[in-house]
Structure formats: structure tokens, C-alpha cells
Amino acid sequence: MRNPARIIVAVFAFACVATAQNAAPATWTAEMQIKTRVVGSPRVSPDGKRVVYTVSEAVMTSDRSEFVTQIWLASTDGRVNSQVTFGEKSSSNPKWSPDGNSIVFISNRKDNRGNLYMLRLSGGEAESLTDLKSSVTNFDWSPDGKWIAFTMADPKTDEEEKNDKAKNDFRWVDENVKMSRLYLIPMQKDASGKREPRKLTTENYNVGSFDWSPDGSRIMYSHTKTPVANDWTTADVSAVEIATGKAKIFANTPAAEDTPTYSPDGKWVAIQVTDDPPGWAQTALIQIYSVAGGQPKALAASYDGQPGIAGWSADGKRIYFSEARGTRTQIYALDVAANRIDEIKTTPAVYTAIDLNQSGTTFGFVRQTADAPTEAFVAPVSTLVASQISKANSDLKLPPVGKTEVIRWKSADGKEIEGLLTYPSGYQAGQKVPLLLNVHGGPAGVFQQTFIGGRGAYPIATFAARGYAVLRPNPRGSSGYGTEFRRANFKDWGGADYQDLMTGVDRVIAMGVGDPERLGVMGWSYGGFMTTWIVTQTQRFKAASAGAPVTNLMSFNGTADIPGFVPSYFGGQFWEALYLYQKHSAMFNIEGVKTPTLIEHGDADIRVPISQGYEFYNALKAQGVPTRMIVLPRQPHGPTEPKMQLAAMQANLDWFEKYLGSNQVTKRE
């Protein structure tokens with residue numbers, strides 16, 4: 001749930017490569033979806049001639065289960081493309097030196113800690129730049145290439161490490177919090193051949209995003225009271241002088257300020273500023289601040305109120321940003337002088353990891369669609385004509401996926417709702433097929449046209465290959481449709497948003513696609529909340545699967561790492577709004593539930609603690625309802641290990657196959 005403009009999306013939101021196959025498999029399987037590679041971090045060199053990007057793939061052996069990331073280097077003309085980092089450990093977040101001769105990246109190849117390494121493109125092995133007791137979280141080169149600034153959480157003290165080994169490792173809640181701080185290392189070694197890090201920030205706050213001034217004299221950075229997710233609302237922006245280490249508050253209001261970004265001439269800073277006071281289903285503006293001082297200028301409001309800054313144009317006249325727009329992503333140019341937002345014409349798709357190179361000439365980004373996996377692209381700012389750089393999944397010979405289309409319908413109160421309908425592979429008009437309703441997290445998440453053959457708990461491509469249709473609605477409360485729509489579920493979880501979902505199911509049935517006798521529902525986090533809510537409200541679904549579900553708003557609010565979340569939506573703490581907390585909790589409406597329900601939960605989940613799943617599971621068992629609960633060890637809010645993702649996928653496939661039976665189709669009468 002961080003950065004702040006997207007933190008809510010992430011609240012409930014979640015997610016050995018075997019030898020590549022030479023022939024296309026007959027059909028999609030959960031195993032194939034785990035094998036699908038994910039591309040990230042495309043960054044174009046300052047001269048626009050080369051691009052680095054990352055490829056993540058699953059490693060599953062008898063003693064390993066992890067996603068490993070490696071770095072690739074390509075020419076932007078497509079002639080050269082090769083992997084440049086190797087090994088069992090990951091290398092990620094590559095960034096170009098200002099002269100374009102080297103890249104620096106983060107790798108956990110030593111002691112499983114994230115350290116900085118430099119790879120000179122003239123040849124040779126990667127050189128270790130740091131040897132830290134904690135892990136680097138982010139970094140950036142100084143404009144002259146002489147320094148690297150990085151953020152790192154406070155390491156454990158020698159005494160703490162000793163106590164860990166001695167099993168004397170008790171802790172006090174909310175005390176001795178490890179803050180992330182800003183450090184500096186020189187690229188030139190000292191007389192002893194070392195690069196000693198220098199701590200730049202000593203203040204008792206947690207440093208987040210940061211940006212160098214163009215002249216290299218200072219760094220602008222955001223910071224929060226603590227690193228705890230609940231404290232994103234405290235974000236302010238400060239500046240620190242490199243020479244003296246003197247820090248000074250730059251932007252400090254009751255709103256949350258984040259993502260400071262210098263203009264090319266260094267006279268202005270663009271900052272993402274939330275509404276005041278900041279709320280979880282929030283909106284934000286881009287404001288520009290004069291480095292010389294004075295009141296900031298609030299720029300035009302974006303469509304969805306959640307702009308993610310990509311960078312300034314080379315002449316400083318425009319600020320590029322992106323945000324969700326319906327089921328896709330839109331890239332925009334904000335004309336600073338005219339205070340006007342213009343859409344940048346791009347191929348309709350979902351765009352992520354949008355980055356503007358140092359010279360401001362070329363974009364790098366990741367693009368995907370429902371039927372095409374993530375790949376790295378580049379596009380000159382002058383033409384915006386995108387060229388595909390990577391072909392990360394070409395050797396896997398992925399089979400075709402079921403067709404996905406955008407559909408719209410009227411909810412019970414007449415509000416138009418949009419969603420994605422995926423048809424079974426090879427679907428023939430006139431067939432009635434089992435229909436799965438998939439509810440997203442958030443609640444301010446959004447289903448976009450991302451590749452349905454990718455990773456996660458819900459293998460959409462495999463469900464389609466097995467004969468299911470899958471509906472993924474964006475009910476009120478979702479992002480991508482503006483602030484008013486995103487806030488339309490305040491004090492009403494399970495109310496009008498529930499009707500948005502049910503009318504969507506009705507629409508697919510009326511289309512002659514969904515078989516009303518074979519309906520299933522599934523969702524993770526807030527989607528899990530809604531899944532457990534749905535089975536307390538209707539018996540029309542023959543089976544349900546709830547992932548990391550919020551089932552009891554009171555106990556959730558008292559045990560989650562985001563205790564400000566539910567009060568933000570329901571107008572107060574549970575003792576101030578007891579009726580609402582009970583009315584909208586599945587646990588207080590669970591009597592009489594009949595729907596067979598699968599529960600999936602990670603036992604290291606601090607966002608939605610596993611006790612939420614146990615509450616529902618035990619209540620169903622007490623009533624004799626068919627139920628199973630799979631516990632995923634070590635997993636946080638959504639499985640992060642490939643074997644655990646595979647277990648969640650397979651559990652869902654087996655559960656719905658048992659109760660819906662996808663092998664039969666019904667002719668429309």
C-alpha cells in the first residue's frame with residue numbers, strides 16, 4: 001500500500017523454472033502459469049541507444065522455491081539483447097551511470113542482504129560497492145556520477161544479534177522501530193581501497209522516495225513518522241545538503257506529500273500531494289514548489305486523482321504521469337504553464353514501470369494485455385512510437401488464452417459498472433458454462449487488462465482452458481473511475497457494491513454465457529471480504545473461495561498493521577460505529593450459510609491476520625458447511641513463493657471442479 005497514492009490498492013491487494021518447452025502445451029495449467037516470466041524495470045541509457053530491464057522467473061527444486069530476477073541489456077534498435085547477470089541469487093533495479101558506461105543494481109548474492117553492485121559495460125565481473133548489515137531498498141546516482149545515494153533500514157545492533165542467537169529476542173510493540181535512512185557512498189575509493197557509507201539523515205523518521213537536485217548539491221526526499229504502513233498519512237518532504245548534511249523541512253502540511261521530483265533546471269520540485277486530511281480511498285494532485293520558497297501551485301486534477309509521476313520533459317515544460325483509467329492505464333502530459341492535461345496516444349494496454357531516461361528523450365515501460373504477457377518497450381518522447389525490446393516468454397510457447405472483453409451493465413440503482421469477462425477457450429456462442437465471479441482487493445483495487453496467464457492465486461487462463469467463464473467486475477469503490485466512484489462505498493461495504501457484483505452476474509447469465517446453476521465466487525483480501533459476505537447474503541453460488549478474507553471488521557481492525565483503515569471507511573472506531581461494524585461483517589451474518597467454502601491464508605500475513613480466516617472456517621464447521629482451509633507457511637498478504645502460489649492455484653481449481661463441474665456445457669434455449 002505504498003506509495004501513498006496507491007497504498008489502498010495494495011492494502012487488500014496481493015499475487016525452477018522447469019526446462020523451457022519446445023512445443024506448445026495442449027492447454028493451460030497452473031504449472032504453466034507459474035513458469036510465465038515477468039519483465040520489469042526497463043530503463044533507457046542517457047544517449048537513448050541501450051536499455052536494461054529485468055526478467056523474473058520461478059525456481060522450484062527439491063530444496064528451493066523462489067522467484068529469481070536477473071538483468072538483461074539490449075540495444076533500442078533491437079539488434080542486441082542478452083542477459084548480463086547470472087547465478088542463484090537475484091539482481092534487480094538496474095540504473096545507468098550518467099555517462100552511460102556502467103549500471104548499478106541491487107543483489108542479495110551475499111548473506112541474502114541487498115547490496116549495491118556495479119557492472120562496467122566495457123566488460124568484467126560486477127564489482128561490489130557495499131557490504132552492509134542491512135539491505136539497500138533504493139538508490140540513485142548523483143548527476144555527476146561521483147556519488148550514489150541509497151536508503152537502508154537501521155541494522156540490528158551487535159547486542160540484538162547476540163540476543164537473537166541466545167533466544168532472548170523478546171520485543172516491545174511499536175518500540176525500537178528500525179527507520180530507513182539516507183546514505184551516501186563515493187564512487188572513488190579512499191586510500192585504503194574502500195567506499196565508506198556516510199549517513200545523511202539522522203532525524204527520527206523513515207525516509208522514502210528521493211531525488212537529486214540537478215546540480216548535485218542536495219537531495220529532496222519524503223519521510224514518514226515510522227515505516228509502519230499505517231503511517232503513510234504522515235508523509236512530508238525535506239531537503240538535505242550534501243556538503244553539510246543539514247536537513248530542512250520543505251513541504252509539511254496536514255496532507256501527505258510524497259515523490260519529490262526536480263525540474264531539469266533545478267528551480268522547481270513536483271510533489272504528489274493528497275487531499276487534507278489524507279484518507280485511505282484518497283485523491284491526490286501534483287503540486288509544484290519553487291526551490292526559492294513561496295506557496296506551491298496546485299496543477300490540474302487528473303481523471304482518477306492518483307497520478308504517478310514519471311518525470312519532467314527535457315525543457316521543463318511538462319510533467320509526465322500515469323494512472324489507471326478503467327481497465328487500462330493512461331499516460332498523460334501535464335502542461336505546467338497552461339495547467340492543462342493532455343492524453344498521450346498509446347496502444348490500448350496496461351502500462352507499468354514507466355521511466356523517462358536522464359536526458360528526457362526516451363521512455364521505457366512494461367506493457368501487457370489480457371492475451372500478451374509483460375514485455376519491455378521503449379518509445380521516443382518525440383514520436384511515442386513504441387518498440388518491443390524483450391521477448392521473455394518466447395521460448396515457453398505459451399498456448400492461446402481465452403478471449404477477454406470489457407462488458408458494462410446497470411447496477412440496482414442505475415449506476416453503470418464495468419468489468420472484464422473472460423470466455424472459455426474455444427467458446428462457441430450458445431453455450432452456457434460455469435461462471436466464476438472474481439472480486440478484486442482494495443477495495444480501491446481495479447481489474448485491468450493484465451495478462452490472464454500470469455502468476456497469482458487465481459489461474460484465470462487455466463480456468464478458461466477448463467471451460468469456465470470468469471467475470472472480474474470493478475464495483476463502486478474501485479480505482480480507475482474517479483474519486484467519487486472510489487469513495488462511493490463509504491460506510492457501505494457489502495451494500496451497493498454487492499449489488500454491482502450481483503447485477504454483473506445477472507448480465508453474464510442474460511448474455512447466455514453463464515449457467516445460473518453453476519456459479520462460483522472467489523477473491524483475495526477485500527475480495528475475500530466480499531466472498532464471505534456474499535455467501536451470507538445468497539445461496540445462488542454453488543462454491544466459494546476466500547483468500548485472506550476480512551471476516552470481522554472489529555477483530556480485523558484490532559489486529560491488522562493498518563488500524564486506521566476501517567475507521568477511514570466507516571467514520572470511526574468500532575466503539576463509535578458499533579452497528580456499522582457488525583452490520584457489515586460476515587461473522588455477524590454467518591448463521592444459515594450453506595455454500596461450500598475454501599479458505600486460503602498465509603500464516604505470516606500481518607495485513608489481514610490469519611485469525612480472520614480461522615474465525616470463518618470454524619463458524620462454517622460448527623454449522624456443518626463443507627469447508628477446507630489451506631494455510632500457506634511463511635507467506636504474507638498473498639503467496640510470494642512459487643510452490644505456495646501453485647498450491648493456492650491448484651486448491652482453487654480442485655475446489656470449483658468438485659462443486660461446479662466444468663466438463664459439461666448447456667445449450668441456450
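The values are calculated or read from the model by the stated rules, or taken from the named source; none is laboratory data. Since the model is a prediction, treat every value here as computed from it, not as a measurement. So basically every Cβ, Gly included, is an ideal-geometry build from the backbone, and we count neighbours across all protein chains shown. Heavy atoms of the whole protein, side chains included, go into the accessibility calculation; ligands, DNA and RNA do not. Shrake-Rupley method; radii C 1.70, N 1.55, O 1.52, S 1.80 Å.
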Legend entry - Residues being surrounded by fewer than 17 Cβ atoms within 10 Å (Cβ to Cβ) and within 23 Å of Glu57 (Cβ to Cβ) - total across the stretch 373-397: 5
Legend entry - Output for the stretch 298-317, where each listed residue is closer than 22 Å to Phe210 by Cβ and over 17 Å from the mean Cα position of the chain (by Cα): Leu299, Gly311, Trp312, Ser313, Ala314, Gly316
Inset, instruction - Being open to solvent by less than 50 Å² (accessible area, probe 1.4 Å) and part of a helix (DSSP H, G or I) is the filter; apply it to the stretch 618-631 and report the residue that is nearest to Ala647 (Cα to Cα). - result: Leu620
Inset, instruction - Look through Val59, Val51, Val68, Val55 and report the one residue that is assigned to a strand (DSSP E or B), touching an Asp or Glu at 6+ places or on another chain (Cβ under 6 Å) and either closer than 16 Å to Gln388 by Cβ or of a type outside the set (Asp, Glu) (or both). - result: Val59
Inset, instruction - Take the residues in the stretch 208-236 that are part of a strand (DSSP E or B), closer than 15 Å to Tyr183 by Cα and among the polar types (S, T, N, Q), then tell me which one is most open to solvent (accessible area, probe 1.4 Å). - result: Ser209
Inset, instruction - Please identify the pairs in which a residue from the stretch 632-643 that is at pLDDT 95 or above and in a helix (DSSP H, G or I) has its Cβ atom under 7 Å from the Cβ atom of a residue that is open to solvent by less than 50 Å² (accessible area, probe 1.4 Å) and among the β-branched types (Val, Ile, Thr), counting only partners at least 6 apart or on another chain. - result: Pro642/Ile34
Inset, instruction - Would you be able to say whether some residue in the stretch 651-659 is over 16 Å from Ala544 (Cα atoms) and not in a loop (DSSP other than H, G, I, E, B)? - result: no
Inset, instruction - Of the numbered conditions (1) closer than 21 Å to Gln70 by Cα; (2) surrounded by fewer than 18 Cβ atoms within 10 Å (Cβ to Cβ); (3) among the small types (Gly, Ala, Ser), Ser192 fails exactly one; give the number of that condition. - result: (1)
Inset, instruction - Name the residue, out of Leu182, Leu132, that is under 26 Å from Met220 (Cα atoms) and in contact with a Lys or Arg (Cβ under 7 Å, 6 or more places away or on another chain). - result: Leu132
Inset, instruction - Would you list the strands (runs of 3 or more DSSP E) that sit entirely within the stretch 93-184 and hold 2 or more residues that are open to solvent by 20 Å² or more (accessible area, probe 1.4 Å) and of a type outside the set (A, V, I, L, M)? - result: 102-110, 113-120, 136-141
Inset, instruction - Have a look at Asp140, Asp111, Asp77, Asp169 and point out the one that is out of contact with any Lys or Arg (no Cβ under 6 Å at 6 or more places or on another chain), acidic (Asp, Glu) and at pLDDT 95 or above. - result: Asp140
Inset, instruction - Determine whether Ile354 is open to solvent by 20 Å² or more (accessible area, probe 1.4 Å), touching a strand residue (DSSP E or B) at 6+ places or on another chain (Cβ under 6 Å), modelled with pLDDT of 95 or more and within 23 Å of Ala300 (Cα to Cα). - result: yes
Inset, instruction - Tally the residues that are modelled with pLDDT under 95 and either open to solvent by less than 20 Å² (accessible area, probe 1.4 Å) or in contact with a Leu (Cβ under 7 Å, 6 or more places away or on another chain) (or both), restricting the search to the stretch 358-372. - result: 1
Legend entry - Cross-chain or 6+ apart pairs with Cβ under 7 Å, the stretch 402-427 first and closer than 16 Å to Arg472 by Cβ, then crowded, with 20+ Cβ neighbours inside 10 Å and basic (Lys, Arg): Ile407/Arg507; Trp409/Arg507; Gly419/Arg472; Leu420/Arg472
Inset, instruction - Just give me the residues in the stretch 369-399 being within 19 Å of Val44 (Cα to Cα), of a type outside the set (Val, Ile, Thr) and not in a loop (DSSP other than H, G, I, E, B), in sequence order. - result: Glu375, Ala376, Phe377, Ala379, Pro380, Ser387, Gln388
Legend entry - Which numbered condition Pro400 fails, given (1) closer than 30 Å to Asn93 by Cα; (2) open to solvent by 50 Å² or more (accessible area, probe 1.4 Å): (1)
Inset, instruction - Within the stretch 448-497, count every residue that is under 16 Å from Trp280 (Cβ atoms), not in a loop (DSSP other than H, G, I, E, B) and not β-branched (Val, Ile, Thr). - result: 4
Legend entry - Unmet criterion (only one of (1) crowded, with 21+ Cβ neighbours inside 10 Å; (2) under 30 Å from Pro264 (Cβ atoms)) for Gln33: (2)
Legend entry - Residue ranges of helices (runs of 4 or more DSSP H) in the stretch 498-613 with at least 1 members surrounded by 22 or more Cβ atoms within 10 Å (Cβ to Cβ) and in contact with a Leu (Cβ under 6 Å, 6 or more places away or on another chain): 565-570, 578-583
Inset, instruction - Output the number of the condition that Ser102 fails; it satisfies all remaining conditions of (1) within 28 Å of the chain's Cα centre (by Cα); (2) modelled with pLDDT of 95 or more. - result: (1)
Inset, instruction - Output the residues belonging to the stretch 237-277 that are charged (D, E, K, R) and either in a loop (DSSP other than H, G, I, E, B) or more than 18 Å from Ile288 (Cβ to Cβ) (or both). - result: Glu241, Lys246, Lys248, Asp265, Lys267, Asp275, Asp276
Legend entry - Criterion violated by Gly426 - all others in (1) surrounded by fewer than 23 Cβ atoms within 10 Å (Cβ to Cβ); (2) touching a helix residue (DSSP H, G or I) at 6+ places or on another chain (Cβ under 6 Å); (3) among the small types (Gly, Ala, Ser) satisfied: (2)
